[in-house]
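What follows draws every value from the coordinates through simple rules; no lab data is involved. What you are looking at is a predicted structure, and each value in this text was computed from that prediction instead of being measured. Here Cβ is always computed from backbone atoms with ideal geometry, including for glycine, and neighbour counts include all displayed protein chains.
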Ligand code: ADP
C-alpha cells in the first residue's frame, strides 16, 4: 500500500488538492477556479458555498487519481487564503453573507477612525499587525452591523477564516476550530498569550462566542464526514498559506527566510521563540505552532512581483509569454542603469506608501526590451533586498539562506540576480508548490507519520542553489540607484 497525505490549498482564485507521498512528492493534483464578486469599487467577495464545493470537488478528484495506482491517504492537511471572513449560523450552517475577501477595503474608514483614536500601538503590541482592513476584525464588525438582525442573534453565529469554514463543513458541523497562524491574522488574537484577547474583542465589537477554538498547526481537527470524500479522514494539519509555505520550505531555524514570488511576493523570516516587534513596518506573525510551542516570524509583502511581468506581456505587449522575460534579460547590457519601480498600487513593506505610483528611471536611446525586462525582474530583487535589510535590522540577526518558491522562480536569471542583489545564498527546492507541501507536512506531524521537525527537514530537496557572484561594492552601488529611484517617487 502506498501511504500518502492529502493537502487542500484553498486560494484566492482557485481551490486545489494535491496528494503527496511520504517523500513529499506530489502524485496527484486537481484544481478549480471559482467566481470573484466585486459588488462595489474596492469590495471583493467569495460565495462560501463555492469555496466549499470546489474544495470538495478537487479533493475527490485528487483522491480518485491517487487511488488509481493503489495509494492510501492517511490524513488531510488544509492551507488557505488568509484573513477572508465568513460568518454562519450554527444551527443551519448557512452563511449570513458572502465571504469578505482579504483584499476588500470596505472597512478602510473604520480602520482610519481606530487609528485616529490612537489604538494602533496597542493593537500592534498585542497582535503584531498594523490596523488595516486586510485583517478579519473590522470585517466581522461590518457583517454584524450590516446584515439584518445579525448582532441581535450573534449568540447563534460562528465566525471563521476559510480554514474554519472548511473544517466545519468537512466534519458535518461538529468542529469549530482554527489554527494559531490563521487566528493571528484576525487582529483579535494575542500572539503573546496565544488566546483571543478580550480588550481587542471589545475594541472591535466582536463577541467571544463567535470565535473558533484555536489549535496547533499539527493537531486533531476531527474526522471528515464520510459523505464528503467517501470515507472518514483525520484532519491533522492546518496553516494559513504563507505559514504553510514556511513549513513546506522547512525554514525551521531562526534567520531562515522563505519568499514566495507569485503575482505579489510574501517573505517570512523565522525569528524562533521570540516575537520581534518591527521598527520598519513589517508585521510580526506566527511562523507555526507545534507541540504547544509558538514559533514567530517577521513578514513583509511586495504588492507587485510577477504582475510586472504580466504588465510587460499584457500591458505593453513587449513579450508574448512570461518565460520570454528570461531570454530578454540575458541580452540586457550589464550596466544598463534602468530602474523600474512597479508601484502600480503603491509600495508595500517597508515603505507603506499606498498613494505613490510607478516610474521608470534611467532611459537612454540604448534602452530596449532586454533592459526593460531586466529592470522588471531586478525590481523584485531590490524589493526583496529592502525587506531583508528591514528583517535583519528588526531581528538584529544575521540572515540565513533565502528559500524561494512561486511561479517566478522557474526563471534562472532571476535567481542569480536575487542572490547578487540581496547578497544571500538563494535556494530553489525540487518541489516549488511549497504551500500545499507544508499542509501535508503538518498533517503528517499531526498524524504521527513524522515525530519531529528534524524528520521533516530531511525531506527538503534542493533543485538549485545560487551564490552571490558580484562584489559588495557593486551591489551597494546598484542598490543606491534603486533607493534613489524610490526616493524620487516617495518624496515628490
Ligand atoms: P499566483 O499564485 O499569485 O497566481 P504564481 O505563483 O502562479 O502566482 O506565479 C505567476 C506569476 O509568475 C505571474 O505573475 C507570471 O508573470 C510570473 N511568471 C511566470 N513565469 C515566469 C518566468 N519564467 N519569469 C518571470 N516571471 C514569471
Legend entry - Helix-derived mean residue ellipticity, 222 nm - over the chain, DSSP H n ≥ 4, -39500 (n - 2.57), to 500: -10000 deg cm²/dmol
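If you wrap segment 265-399's Cα atoms in a convex hull and average its projection over all directions, what's the area in nm²? Don't skip to the end; give the middle numbers.
Numbers: hull surface 39.3 nm².
Seen from a random direction, the Cα hull of segment 265-399 projects 9.8 nm² on average.
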Legend entry - C-alpha long axis of helix 434-446 to longest principal axis of the chain, angle in °: 40 degrees
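If you wrap segment 332-421's Cα atoms in a convex hull and average its projection over all directions, what's the area in nm²? Present the calculation step by step, with values, prior to reporting the outcome.
Values: hull surface 27.0 nm².
Its Cα hull, projected and averaged over all orientations, spans 6.8 nm².
Mind ranking 464-471, 370-377 by how tightly packed they are, going by the mean number of other C-beta atoms within 10 angstrom, highest first?
Result, highest mean first: 370-377, 464-471.
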Legend entry - Packing-based order for 148-156, 172-180, using average beta carbon neighbours within 10 Å, highest first: 172-180, 148-156
Inset, instruction - Could you grab the relative contact order for segment 402-463? Cα pairs under 8 Å, six or more apart, rounded to a whole percent. - result: 36 percent
Inset, instruction - Fewest Cβ neighbours within 10 Å first, please rank 472, 139 accordingly. - result: 472, 139
Legend entry - segment 388-462: Cα Rg divided by the 2.2 N^0.38 Å rule of thumb: 1.31
Inset, instruction - Throw me the Rg/Rh for segment 125-211, computed over C-alpha atoms with Kirkwood Rh, two decimals. - result: 0.95
Inset, instruction - Take residue 47, project a point 7 Å from its Cα along the Cβ direction, then tell me which residues of segment 71-105 have their backbone nitrogen under 19 Å from it. - result: 85-89, 93-102
Legend entry - Principal axis dimensions, largest first and in whole angstrom, of segment 116-159 by Cα: 33, 20, 16
Legend entry - Folded to 0 to 90 degrees: helix 137-146 orientation relative to the chain principal axis, Cα: 60 degrees
Inset, instruction - Could you please tell me the mean projected area of the C-alpha convex hull for segment 98-244, averaged over all directions and given in square nanometres to one decimal? - result: 9.1 nm²
Legend entry - Spatial separation of Cα centroids for segment 271-315 and segment 27-53, in angstrom: 23 Å
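Return a whole-number percent for the relative contact order of segment 347-482, with Cα pairs under 8 Å and 6 or more residues apart as the contact set.
On the way: 118 pairs, mean separation 32.9, N = 136.
The value is 24 percent.
Please compute the Kirkwood hydrodynamic radius over segment 90-146, one decimal place, Å, based on all pairs of different Cα atoms.
Numbers: mean 1/r = 0.0803 Å⁻¹.
When all Cα pairs of segment 90-146 are included, the Kirkwood radius is 12.4 Å.
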Inset, instruction - Arrange the peptides 115-123, 158-166, 381-389 so that the one whose residues have, on average, the most other Cβ atoms within 10 Å appears first. - result: 158-166, 381-389, 115-123
Legend entry - Translational D in µm²/s for the chain (Stokes-Einstein at 25 °C, 0.890 mPa s, Kirkwood Rh from C-alpha pairs): 107 µm²/s
Legend entry - segment 1-110 - Rg (one decimal) and Dmax (whole number), Cα, Å: 16.5, 56
Inset, instruction - Taking every Cα atom in segment 250-338, find the radius of gyration and the maximum pairwise distance Dmax, and write them in Å. - result: 17.9, 53
Legend entry - segment 354-492: equivalent-ellipsoid semi-axes (sqrt of 5 x gyration tensor eigenvalues, Cα, Å): 34, 17, 15
Inset, instruction - Rounded, prolate or oblate: pick one for segment 178-301, where a ≥ b ≥ c are the square roots of the eigenvalues of its C-alpha gyration tensor, a/c under 1.5 means rounded, and failing that, prolate if a/b is larger than b/c, else oblate. - result: oblate
